[in-house]
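Chemist: Can you keep this structure in mind? I'll have questions shortly.
The values are calculated or read from the model by the stated rules, or taken from the named source; none is laboratory data. Predicted model only: the values in this text are computed from it and were never measured. Glycine also receives a Cβ, built like all others from the backbone with ideal geometry; neighbour counts cover every protein chain displayed. Accessible surface is based on the protein model in full, side chains and every heavy atom, while ligands, DNA and RNA are left aside. Shrake-Rupley method; radii C 1.70, N 1.55, O 1.52, S 1.80 Å.
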Amino acid sequence: MKTRGEKQYINMPSFAARLYDNLTSIKGVNKGFEDIALFLNKELKHGKLLDVGTGPGRLLYEISKQNSLLELFGLDISESMLVVARQNLQNIKNVGFRVGNIVKTEYATDFFDCIVSTGSFYNWDNPIEGLNEIFRILKPGKTAYIFESTKDYNKELLRVRLKQNLKGYNFARKALSKHFLKKQLSMTYTTKEFDEIVRQTFFYKNYKIEQIELGNLPIYVRLELRKQ
Ligand SMILES: C[S@@+](CC[C@H](N)C(=O)[O-])C[C@H]1O[C@@H](n2cnc3c(N)ncnc32)[C@H](O)[C@@H]1O
């Protein structure tokens, strides 16, 4: 079967999950998680929040630092990633992880007060089905936020900002970070393509797509998907 990325993650060896965790601990990336956690903190004060494709759980960790009242849930298709996530959040209460594909989950209908996802959507083999499952498990009146890189960005500005973010790191770290970012940007969607996907989902009547910066990098969009 043709896969955008899910298959690689399902079979991900544990050393690769640890390497990913290490790479996402660099200043710029972690600042991106802080930015998102700050944004979410204004949107949601209590209730249940799900992070789809949570990976090593760094976003959930930042969210828990800003609001200890939330009940946190992490879903990921990769068992190896969740091993790392459980380690990273071992001291955090109110958090639970589950292995699974967002296309079909075991969460109850109308269950979550907020659903978020960062850097995962572009890997989903079935993005329309994934968003429709998010619609099902989100409570009516609530919003899901997908933070994703986009192909529409200013190359020169990215070059300058990346140089600032990677200042002080060794050659190998810089090379690996650039390599994975390049791969991600070659795989992700244009803003128009994001729009075309959302229009085919149950969110078609109520959504917004905005280009934003995260962690100093001008390469992201935020999809706000509201369930009416
Ligand atoms: C690039 S990582 C991003 C991890 C984390 N959200 C972050 O921002 O660092 C993508 C994650 O999405 C997960 N993933 C990919 N497709 C998925 C799917 N259909 N359902 C659930 N998780 C998925 C992968 O296993 C991986 O952990």
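Chemist: Residue check, residue 55 against (1) in a helix (DSSP H, G or I); (2) in contact (Cβ under 8 Å) with a residue 60 or more places away in the chain; (3) under 30 Å from residue 159 (Cα atoms), all met but one. Which one?
Modeler: Here residue 55 meets the rest and fails (1).
Chemist: Shifting gears a bit: Residues 213, 224: which one is closer than 17 Å to residue 31 by Cα, of a type in the set (D, E, K, R), assigned to a strand (DSSP E or B) and at pLDDT 95 or above?
Modeler: Checking each option against the conditions leaves just 213.
Chemist: Hey, could you check the range 72-88 for residues that are more than 15 Å from residue 19 (Cα to Cα) and touching a Lys or Arg at 6+ places or on another chain (Cβ under 9 Å) and say which is surrounded by the most Cβ atoms within 10 Å (Cβ to Cβ)?
Modeler: Checking each candidate, the answer is 76.
Chemist: Here's a follow-up. Residues being farther than 11 Å from residue 52 by Cβ, assigned to a loop (DSSP other than H, G, I, E, B), in contact with a helix residue (DSSP H, G or I) (Cβ under 8 Å, 6 or more places away or on another chain) and more than 9 Å from the ligand (Cβ to nearest atom): count how many of those fall in the range 91-136.
Modeler: So the count comes out to 7.
Chemist: Right, next: Given the conditions (1) within 12 Å of the ligand (Cβ to nearest atom); (2) open to solvent by 10 Å² or more (accessible area, probe 1.4 Å), which single one is not true for residue 56?
Modeler: Unmet for residue 56, out of (1) within 12 Å of the ligand (Cβ to nearest atom); (2) open to solvent by 10 Å² or more (accessible area, probe 1.4 Å): (2).
Chemist: For the range 13-52, enumerate the residues that are of a type outside the set (Gly, Ala, Ser), part of a loop (DSSP other than H, G, I, E, B), open to solvent by 30 Å² or more (accessible area, probe 1.4 Å) and within 13 Å of the ligand (Cβ to nearest atom). First the steps, then the outcome.
Modeler: Going through the range 13-52, the residues of a type outside the set (Gly, Ala, Ser) turn out to be 13, 15, 18-24, 26-27, 29-31, 33-36, 38-46, 48-52.
Add one more test, that the residue is part of a loop (DSSP other than H, G, I, E, B), and what stays is 13, 24, 26, 44-46.
Checking the rest, the ones that are also open to solvent by 30 Å² or more (accessible area, probe 1.4 Å) come to 13, 45-46.
Across the range 13-52, the qualifying residue is only 13.
Chemist: Kindly check whether there is at least one residue in the range 198-207 that is under 18 Å from the mean Cα position of the chain (by Cα), under 26 Å from residue 131 (Cβ atoms), free of Cβ contacts under 8 Å to residues at least 24 places away in the same chain and not in a helix (DSSP H, G or I).
Modeler: Within the range 198-207, one or more residues are under 18 Å from the mean Cα position of the chain (by Cα), under 26 Å from residue 131 (Cβ atoms), free of Cβ contacts under 8 Å to residues at least 24 places away in the same chain and not in a helix (DSSP H, G or I).
Chemist: Exactly one of (1) open to solvent by less than 60 Å² (accessible area, probe 1.4 Å); (2) farther than 26 Å from residue 70 by Cβ; (3) under 20 Å from the mean Cα position of the chain (by Cα); (4) more than 16 Å from the ligand (Cβ to nearest atom) is unmet by residue 150. Its number?
Modeler: (4)
Chemist: While we're looking at this one, here's another question. Restricting attention to the range 59-71, which residues are crowded, with 24+ Cβ neighbours inside 10 Å and within 11 Å of the ligand (Cβ to nearest atom)?
Modeler: Within the range 59-71, 59, 60 meet the criteria.
Chemist: Also, quick follow-up: What pairs come up if the first residue lies in the range 87-112 and is closer than 20 Å to residue 127 by Cβ, the second is away from the ligand (no atom under 15 Å from the Cβ), and their beta carbons are under 9 Å apart, counting only those six or more places apart or on different chains?
Modeler: The qualifying pairs are 112/47; 112/48; 112/138; 112/139; 112/142.
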